[in-house]
Amino acid sequence: MASFKTLDDLEDGQRVLVRLDLNSPVEDGEVRDNRRFDRHAETVRELADRDCAVVCMAHQGRPGRETFVSLEQHADILGRHVGKPVGFVADTFGDDALAAIEDLDGGEILLLENTRMCDEELPEEDPETKAETEFVRALAPAFDAYVNDAYSAAHRSHASLVGFPLALPAYAGRVMETEYEANTAIAEREFDGPVTMVVGGTKATDVIDVMTALEEKVDTFLLGGIAGELFLRADGVPVGRDIEGMDLFDDQWAENEATIGSLLDDYGDQIRLALDLAFEDDDGERAEIEVLDIEEKDRAFLDVGSNTVSEYAATIEDSEAVFVKGALGLFEDERFADGTVGVLEAIAETDCFSVVGGGDTSRAIELYGMSEDDFGHVSIAGGAYIRALTGERLVGVEVLREGE
Ligand SMILES: Nc1ncnc2c1ncn2[C@@H]1O[C@H](COP(=O)(O)OP(=O)(O)O)[C@@H](O)[C@H]1O
Ligand SMILES: O=C(OP(=O)(O)O)[C@H](O)COP(=O)(O)O
């Protein structure tokens, strides 16, 4: 189905540069294991078993956010999933990285430092420009082939994703292959009954952009998380606080307000906002407040409230298909997991077709004892999967195809 080369086309014993997406939740400086590690481990193990020298690259967080940390811990976690040691070098493409790559034998695995610590990685530029960066020009000659397994980052035109395929023979890894096929098939599927999309999480601008594109495909959007707070604020409710170095509610507010205001004007009937919200009270307990009773912006809201969960669950019960992108609250803290878990349980209990996406959100399924078998597809991609739903082509996939 996909028109790119896969690992089936790659010769054994090559020196390969492999782009993974190990972007993970980080709590108090500790990187949390999640589905991305065990999915990517399959690609890495196969390459090592085929006697390739496997050098992995990945990013973590965004500069300025608390989750922007080194990949040292990721190497240990990945090694546990692969079942082989994964070495780590705290360098992206300098002398230390090149020396460690040269030392690597067939069957061995190395992880380079966070790609976003390299200045040339991030600015969104076209693949040709990215291929000309020092980052790509310095690393590419050390390899025979490039493998992109990071479907979940394929919507970003960053050097490690789009520059290398122009500099080296390029292949799709196993995760890239299966996620591409599943998400493309889902995007083409038609449903007879109501289609619902649960929209939450912290990457609010990502989801706002695709809601307009999905307006015909989705009958009802159920909003929560930080994304939901943006909509509530645009609707006149005094909520919203920036977390983790974001500036959704301050610097970017004027722009966000205008976009959300027109979404509410144009598709207000399809968009449902929380009726109540949860916060931490003075005793450290979960407390709830009706949205209509919120008079001033004086606290952080960490989940949707119980009335909202009941309303959203009822809509899900009547749906033919449900798509989830982003958590409805800070589910990693049990006190604020009710929204996310309530919605996921409602989906699991009905026989609707469902997709749960996002590196963080998909983690809630195993954290709260649910089974992936109760969902149609659990994707480790968030932003990439909702873009795929709109029919948008992902630049990281396109550039692999062009190499065909
Ligand atoms: N009200 C909230 N306050 C703080 N964090 C929140 C809130 N609502 C959701 N989150 C966080 O959003 C994260 C998921 O968001 P996001 O990164 O956009 O999704 P994903 O990685 O699943 O695509 C979860 O880790 C959750 O803790
Ligand atoms: O975690 C990711 O996306 P996701 O949260 O939409 O699944 C990807 O690693 C992309 O990260 P980015 O949104 O910081 O570019």
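The values are calculated or read from the model by the stated rules, or taken from the named source; none is laboratory data. The structure displayed is predicted, hence computed values, not measured ones. Ideal geometry is used to build each Cβ from the backbone, glycine not excepted, and the neighbour counts take in all protein chains shown.
So how many residues does segment 369-394 have that are within 13 Å of ligand 1 (Cβ to nearest atom) and either in a helix (DSSP H, G or I) or not polar (S, T, N, Q) (or both)? Total meeting the criteria: 9. Looking across segment 202-229 at every residue that is more than 23 Å from residue 290 (Cβ to Cβ) and among the polar types (S, T, N, Q), the one that is surrounded by the most Cβ atoms within 10 Å (Cβ to Cβ) is identified as 202. Only a single criterion out of (1) more than 11 Å from ligand 1 (Cβ to nearest atom); (2) in contact with a strand residue (DSSP E or B) (Cβ under 7 Å, 6 or more places away or on another chain); (3) part of a loop (DSSP other than H, G, I, E, B) is not satisfied by residue 247, namely (2).
Going by the conditions given, is residue 361 within 13 Å of ligand 1 (Cβ to nearest atom) and either touching a residue at least 12 places away in the same chain (Cβ under 8 Å) or surrounded by 21 or more Cβ atoms within 10 Å (Cβ to Cβ) (or both)?
Numbers: within 13 Å of ligand 1 (Cβ to nearest atom): yes; either touching a residue at least 12 places away in the same chain (Cβ under 8 Å) or surrounded by 21 or more Cβ atoms within 10 Å (Cβ to Cβ) (or both): yes.
Yes.
Just to verify a result, which residue in segment 344-368, among those that are acidic (Asp, Glu) and assigned to a loop (DSSP other than H, G, I, E, B), is nearest to ligand 2 (Cβ to nearest atom)?
Going through segment 344-368, the residues acidic (Asp, Glu) turn out to be 345, 349, 351, 360, 366.
Checking the rest, the ones that are also assigned to a loop (DSSP other than H, G, I, E, B) come to 351, 360.
Working: 351: 27, 360: 6 Å.
The qualifying residue nearest to ligand 2 (Cβ to nearest atom) is 360.
Quick check, is residue 218 assigned to a loop (DSSP other than H, G, I, E, B), in contact with a strand residue (DSSP E or B) (Cβ under 9 Å, 6 or more places away or on another chain) and under 25 Å from residue 388 (Cβ atoms)? Yes. Applying the condition of being of a type outside the set (S, T, N, Q) and in contact with a Pro (Cβ under 8 Å, 6 or more places away or on another chain) to segment 133-173 and asking which residue is surrounded by the most Cβ atoms within 10 Å (Cβ to Cβ) yields 163.
How many residues are in a helix (DSSP H, G or I), more than 17 Å from the chain's Cα centre (by Cα) and in contact (Cβ under 8 Å) with a residue 40 or more places away in the chain if we restrict to segment 118-176?
The first filter runs over segment 118-176 and keeps only residues in a helix (DSSP H, G or I), leaving 127-131, 134-142, 151-153, 159-167, 174-176.
Next cut, more than 17 Å from the chain's Cα centre (by Cα) only: 127-131, 134-142, 159, 162-167, 174.
Filter again for in contact (Cβ under 8 Å) with a residue 40 or more places away in the chain, leaving 127, 134-135, 138-140, 142, 159, 162, 164-166, 174.
The number of residues fulfilling the criteria is 13.
Note on segment 48-61: among residues that are within 24 Å of the chain's Cα centre (by Cα) and touching a residue at least 60 places away in the same chain (Cβ under 8 Å), the one that is surrounded by the most Cβ atoms within 10 Å (Cβ to Cβ) is 57. Restricting to segment 209-227, name every residue that is over 15 Å from the mean Cα position of the chain (by Cα) and β-branched (Val, Ile, Thr). 212, 218, 220, 226 - these are the residues of segment 209-227 that are over 15 Å from the mean Cα position of the chain (by Cα) and β-branched (Val, Ile, Thr). The set of residues in segment 174-194 being of a type in the set (A, V, I, L, M) and surrounded by fewer than 21 Cβ atoms within 10 Å (Cβ to Cβ) consists of 182, 185, 186, 187.
Looking at the structure I just gave you, is residue 17 surrounded by fewer than 23 Cβ atoms within 10 Å (Cβ to Cβ), at pLDDT 95 or above, away from ligand 2 (no atom under 16 Å from the Cβ) and of a type in the set (A, V, I, L, M, F, W, C)?
Considered against the rule, which asks whether it is surrounded by fewer than 23 Cβ atoms within 10 Å (Cβ to Cβ), at pLDDT 95 or above, away from ligand 2 (no atom under 16 Å from the Cβ) and of a type in the set (A, V, I, L, M, F, W, C), residue 17 comes out as no.
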